[in-house]
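The block underneath contains the structure these notes are about, expressed in structure tokens.
The values are calculated or read from the model by the stated rules, or taken from the named source; none is laboratory data. What you see is a predicted model, and the numbers here were worked out from it, not measured in a lab. Cβ placement follows ideal geometry from the backbone for every residue including glycine, while neighbour counts extend to all protein chains displayed. Quick note on the areas: whole protein, heavy atoms, side chains included, nothing else; ligands and nucleic acids left out. Shrake-Rupley method; radii C 1.70, N 1.55, O 1.52, S 1.80 Å.
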Number of protein chains: 2
Amino acid sequence: MDDKKTNSKTRNAIMEAAGKIFAEEGFSKATVRDICRQAGANIAAVNYHFGDKKGLYLAVLKYYQEISFETYPPNLGIRETQTPEEKLRVFIRSFLMRIMDEGRPAWFGKLLAHEFSEPTWAFDILVEDMIRPSYQLLMEIVAAILGRGVKERKVLLYSMSIVGQCLYFRHSHPVISRLFPREAFGAKQISELADHITRFSLQGMREEKNKNNPEVKKCKKK
Amino acid sequence: MDDKKTNSKTRNAIMEAAGKIFAEEGFSKATVRDICRQAGANIAAVNYHFGDKKGLYLAVLKYYQEISFETYPPNLGIRETQTPEEKLRVFIRSFLMRIMDEGRPAWFGKLLAHEFSEPTWAFDILVEDMIRPSYQLLMEIVAAILGRGVKERKVLLYSMSIVGQCLYFRHSHPVISRLFPREAFGAKQISELADHITRFSLQGMREEKNKNNPEVKKCKKK
DNA sequence: AGTTGTTTAAAACAAGCGTTTTAAAATATT
DNA sequence: AATATTTTAAAACGCTTGTTTTAAACAACT
């Protein structure tokens, strides 16, 4: 009664509509009636194909998580030969793309954002499957930049400062568009934002880095 | 029928309970039944005293906004004699206190956070009355730090980087507590966080600052 | 005291929600 | 072709929501 594993037209249509609506409204505000109407299916189809609303949500979550990961692999373009600073730049850029892109691959990012602001029972799964690996990668990069001997609490603080910036540039749309209607922070500005966040953060870590990497102090020639 | 301007016991009790519940649940998830039960009042009391749920929400919003502003004035402790750097430190600390404090003065911060993640019709009022002045103050400080001649877009980017960090340290509780159960980021860590964000951000702006304040380049003696 | 206006109380209303039931249609299987 | 299984369709159920109705209790004022 749970999974009619076979692909049917209405099942696919529901997955599509549900992805869009859950991404827009979040779990609690999205209604199965809306989803079914948009999918051109009957109200009972959701319960038949996915058991209940939760089952549909979980299926949607897993499906679009796969799509998102295929489109933007967590370590996209990161090579072991790069310096930690270059890895950070790549990480930030990839992170921004994953959360700021529009269209279907972005639905997962929006689902995640909703989970973030009002966690459902699915939140623990997402944290473990998706957020933890990403955080671990970032913290390794940050630790490498700061040099050995740095306290883990420091690594966490700096990592959170970086993630906080990225998420805010995504989250703050409702505020910024009202305060500064002429300024745009969308998918087209990803390069600019990634560059800003990277330089800002690298400089922000410089003091701590120098403290842990005591090398020859010399004048910058410029 | 709108405002029974007189203060009655049940009206005050409803304001109190509504502040708590709206802060916890947000507008849409909070129910008038819950509020009235917790206030020891009848279900019809909210419609009688405030017209409808929206009227109650608006009253709560304005009431606790006043309390929050009285407790943490936006420019708390900022004196004109201070350097911009010192003003930034004070701003960040005050901002963190306003959004991270617990108890009744913090209810407004939580209301704001809910508006942020799912804006209601009251969002525009909040942006104008509360967020815009705060942003303007921050951007003046940032502009003063970066020096004259800096592009306004740059000022906005740096200001958003700062705000983003502050909000994330407040917002990320559900994630961080799962990823790092032993690390605490609560009201008791405000000083540590304010210090971290301030130093991180001041360093992050140093390059741009030097570009706009071309002065004698000299070795840091340390 | 008696009348008027204000405040509380209980019950019911209308609308929307997720879900279930029932049966018919479509598809696959023998 | 006949039977069994899967899929769609319509209607209704039970529940919760915000709101309204009705009437009783309280307070204020001439």
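Tabulated values for the structure
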quantity: Rg to Rh, two decimals, where the stretch B:95-143 supplies the alpha carbon set and Rh follows Kirkwood; calculated: 1.01
quantity: Nm distances between copies for A:Ala44, ranked from closest, using label points 7 Å along Cα→Cβ; calculated: 4.1
quantity: Accessible area (Å², per residue) of chain B, counting only protein heavy atoms and a probe of 1.4 Å; calculated: 51
quantity: Label spacing, shortest first and in nm, from B:Pro174 to its equivalents in the remaining copies (7 angstrom along Cα→Cβ); calculated: 1.4
quantity: Volume of the Cα convex hull of the protein assembly as shown, divided per residue and given in Å³; calculated: 182
quantity: B:Glu86 paired with B:Arg178, simple spin-label distance in nm, labels 7 Å along Cα-to-beta-carbon; calculated: 4.4
quantity: Two-site label geometry, B:Asn47 and B:Ile125: point separation in nm, points 7 Å out along Cα→Cβ; calculated: 2.1
quantity: Segment A:Glu25-A:Asn213, extension gain: residue separation times 0.36 nm, minus the distance between their alpha carbons; calculated: 62.9 nm
quantity: Kirkwood Rh, angstrom, the stretch B:9-64 [1 / mean 1/r, Cα pairs]; calculated: 10.6
quantity: Overall form of the stretch A:1-124 per C-alpha gyration tensor (a/c, 1.5; a/b vs b/c); calculated: prolate
quantity: B/A buried area, accessible surface, summed, 1.4 Å probe, Å²; calculated: 5100
quantity: For chain B: span of alpha carbons on each principal axis (Å, largest first); calculated: 72, 40, 27
quantity: Position A:Ser117, label points 7 Å along Cα→Cβ, spacing to each other copy in nm (shortest first, one decimal); calculated: 0.8
quantity: Unsatisfied cross-links (Cα-Cα over 28 Å) in the set A:Lys9/A:Lys188; B:Lys87/B:Lys154; A:Lys209/B:Lys110; A:Lys87/A:Lys188; A:Lys9/A:Lys62; A:Lys154/B:Lys209; calculated: A:Lys9/A:Lys188; A:Lys209/B:Lys110
quantity: Packing-based order for A:48-61, B:107-120, using average beta carbon neighbours within 10 Å, highest first; calculated: B:107-120, A:48-61
quantity: Proximal aspartates and glutamates relative to B:Lys20, as straight alpha-carbon distance under 20 Å, when same-chain residues fewer than 8 apart are discounted; calculated: A:Glu118, B:Asp34, B:Asp52, B:Glu66, B:Glu70, B:Asp101, B:Glu102, B:Glu115, B:Glu118
quantity: Selection from B:Ser177, B:Phe69, B:Pro119, by position along the positive dipole direction of chain B (Cβ); calculated: B:Ser177
quantity: Accessible surface of the protein assembly as shown, 1.4 Å probe, proportion on carbon and sulfur as whole %; calculated: 52
quantity: A:Ser8, A:Ser191, A:Ser68, ranked by accessible area, largest first (probe 1.4 Å); calculated: A:Ser191, A:Ser8, A:Ser68
quantity: GNM top mover of B:Ala184, B:Ala122, B:Ala30 - chain B, alpha-carbon springs below 10 Å; calculated: B:Ala184
quantity: Computed E for B:Asp34/A:Glu192 - FRET, C-beta separation, R0 35 angstrom, nearest 0.05; calculated: 0.20
quantity: Phi-based couplings in Hz for the stretch B:186-203 (Karplus 6.51, -1.76, 1.60; Gly and Pro marked x); calculated: x, 4, 6, 9, 4, 4, 4, 5, 4, 5, 4, 4, 4, 5, 4, 6, 4, 5
